[in-house]
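Contents: one structure, followed by commentary.
The values are calculated or read from the model by the stated rules, or taken from the named source; none is laboratory data. For clarity, every value in this text was computed on a predicted model and none was experimentally measured. Positions of Cβ are backbone-derived with ideal geometry, glycine not excepted, and every protein chain shown enters the neighbour counts.
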Amino acid sequence: MRISRAGGRRRGVTVAATAVVAASALLLTGCGDGGDTDAAESGGKITLTVGDYGQFGYKEAKLFEKYHQLHPNITVKEDTTANEQDYYPKLLQELNSGSGLADVQGIEVGRIKEVVDTQAAKFEDLSKTIKVDDWVSWKEQQATAADGTVIGAGTDIGPMSLCYRRDLFQKAGLPSDRDEVAKAVAGGWEDYLKLGEQYKKKAPSGTYFMDSASAMYNAVVSSSAKQYYDAKGKVIYKSSPGVKQGWNLAAETAKKKLSQGLAQFTDGWNAALRKGTVASVACPAWMAAQISVNSGAAYKGKWDIARAPGTSAANWGGSFLSVPKSGPHVKEATALVKWLTAPEQQAAVFKAIGVFPSNTGAYQLADVKDAKLPYFNNAPIGKIYADEAKSIPEAVLGAKDAFIKDTVSTQINNMEQRGTSPGKAWQAATEAIDKAIG
């Protein structure tokens, strides 16, 4: 399973995401955007390869099978690397050598800026064939090069929410209704910590208010337009208000022991969810599947989802599909990307594994608009995530966002797990970042 603690969301739960969405079956059609390239134009049967990492949801939604039905001369094969941190160096090596690339390549949001700045000339300009303004506006900008070419078609995004255990909140004397929880943290992540202090006073034995201070840190930073770089490409993480706020809140969390101190997606984190010791998790859209799979049937209906703390919307995670110019079937690959990122197909992936569409046209489809999660007390995730997505600020991305976020998160983990002081942890983070990127 892929762990991307830095660049964005973690893909890799090898299930159909817990019967993620209770909605009617989606009728995939061959009309509309995409899928208008006939394989016969390239002289007969062809195979298109899609290189990606973890779990994009195409297999679970049976989209490649559907595409073959629509285009009998085209077979699509997926070449999946479990861990994105293994996938990306290989992609860079293949781009530099000009060989070994798939017809379609996935790119993580934490990497897209570096690819746009250093490798854009090696990818097709998808704006020539795809209506890129169908995505949320900031998604398009993330994949747009200086000359206006768009090298990546948006797949999913990670609008923020708060996942919490209704039963544990009740036992600790906290509000448990999702609207009441949202009111309790409406002032921001500072209110979330105040709620944590109340929880700790009457916490059920062996439980913790949150899983990880580093996860909360990532959620806080994700709500800021300026995070680690400014618009001119200058590294600003040391003076970034979002980083400062996230770091201080994480340090406070560690000091007051409001979390279980678990690095997300580790064996310990999985076990904590399985044992039911975590009361809340900062929850981008894709996180619900991680929680439900690891928590299991014993906690179905005990989890719920509320709007994220504060008034500033946040996005954590997401990916893109790109088409290398060197591929043997560029025209057909571009048509496949167009089809995969159209509203109907993004809605099908959402239905299959719960990752939220970046194509706004999907928000009006019943499988998104009316979506509820039975596991999470029938939380109306279609509405919660769509409302959040529409107001997410356009974040400034930098070439080494992923590395910086990873390094800071590691030091937050050290504060929680090893008792490292905030001063020493910050010094260690800045020294490692400055050494690596200058």
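Taking the condition of being under 16 Å from SER240 (Cβ atoms) and within 25 Å of the chain's Cα centre (by Cα), how many residues in segment 407-429 meet it?
Step one: list which residues in segment 407-429 are under 16 Å from SER240 (Cβ atoms), which gives 407-409, 411-412, 426, 429.
Next, only the ones that are within 25 Å of the chain's Cα centre (by Cα) stay: 407-409, 411-412, 429.
Total satisfying the criteria: 6.
Pairing residues of segment 328-350 that are among the basic types (Lys, Arg) with residues that are outside any helix (DSSP H, G or I), at Cβ distances under 7 Å and at least 6 apart in sequence or on separate chains, gives LYS331/THR37; LYS338/ASP33; LYS338/GLY34; LYS338/THR129; LYS338/ILE130. Under the condition of being under 19 Å from LYS66 (Cα atoms) and assigned to a loop (DSSP other than H, G, I, E, B), which residue from segment 331-364 is nearest to the chain's Cα centre (by Cα)? In this case the residue turns out to be THR341. You will find that of LYS372, LYS405, the residue that is touching a residue at least 12 places away in the same chain (Cβ under 8 Å) and in the same structural domain as LEU340 (by TED's automatic domain parsing) is LYS372 and no other.
Tell me whether segment 178-197 contains one or more residues that are farther than 30 Å from ALA333 by Cβ, aromatic (Phe, Trp, Tyr) and out of contact with any strand residue (DSSP E or B) (no Cβ under 6 Å at 6 or more places or on another chain). For segment 178-197, residues farther than 30 Å from ALA333 by Cβ, aromatic (Phe, Trp, Tyr) and out of contact with any strand residue (DSSP E or B) (no Cβ under 6 Å at 6 or more places or on another chain): present. Might you let me know whether segment 189-205 holds any residue that is among the charged types (D, E, K, R) and surrounded by 19 or more Cβ atoms within 10 Å (Cβ to Cβ)? Within segment 189-205 (the criterion being among the charged types (D, E, K, R) and surrounded by 19 or more Cβ atoms within 10 Å (Cβ to Cβ)), the answer is no, since none of the residues qualifies. Residues in segment 78-100 that are among the aliphatic types (A, V, I, L, M) and surrounded by fewer than 24 Cβ atoms within 10 Å (Cβ to Cβ): ALA82, LEU92, LEU95. Candidates are the residues of segment 333-375 that are in contact with a Ser or Thr (Cβ under 8 Å, 6 or more places away or on another chain) and among the small types (Gly, Ala, Ser); the one that is nearest to TRP286 (Cα to Cα) is GLY354. Candidates ALA39, ALA25, ALA82: the one that is at pLDDT below 95 and under 30 Å from GLN264 (Cβ atoms) is ALA82. Every condition in (1) at pLDDT 90 or above; (2) not in a helix (DSSP H, G or I) is met by ILE392 except one, and the failing one is (1).
Test ALA313 against the criterion of being out of contact with any Gly (no Cβ under 6 Å at 6 or more places or on another chain), surrounded by fewer than 20 Cβ atoms within 10 Å (Cβ to Cβ), farther than 30 Å from ALA143 by Cα and of a type outside the set (Val, Ile, Thr), and give yes or no.
On the way: out of contact with any Gly (no Cβ under 6 Å at 6 or more places or on another chain): yes; surrounded by fewer than 20 Cβ atoms within 10 Å (Cβ to Cβ): yes; farther than 30 Å from ALA143 by Cα: no; of a type outside the set (Val, Ile, Thr): yes.
Against the criterion (out of contact with any Gly (no Cβ under 6 Å at 6 or more places or on another chain), surrounded by fewer than 20 Cβ atoms within 10 Å (Cβ to Cβ), farther than 30 Å from ALA143 by Cα and of a type outside the set (Val, Ile, Thr)), ALA313 does not qualify.
Looking at GLY327, GLY233 in this structure, which one is modelled with pLDDT under 95, out of contact with any Asp or Glu (no Cβ under 7 Å at 6 or more places or on another chain), closer than 30 Å to THR360 by Cβ and in a loop (DSSP other than H, G, I, E, B)?
Exactly one of GLY327, GLY233 is modelled with pLDDT under 95, out of contact with any Asp or Glu (no Cβ under 7 Å at 6 or more places or on another chain), closer than 30 Å to THR360 by Cβ and in a loop (DSSP other than H, G, I, E, B), namely GLY233.
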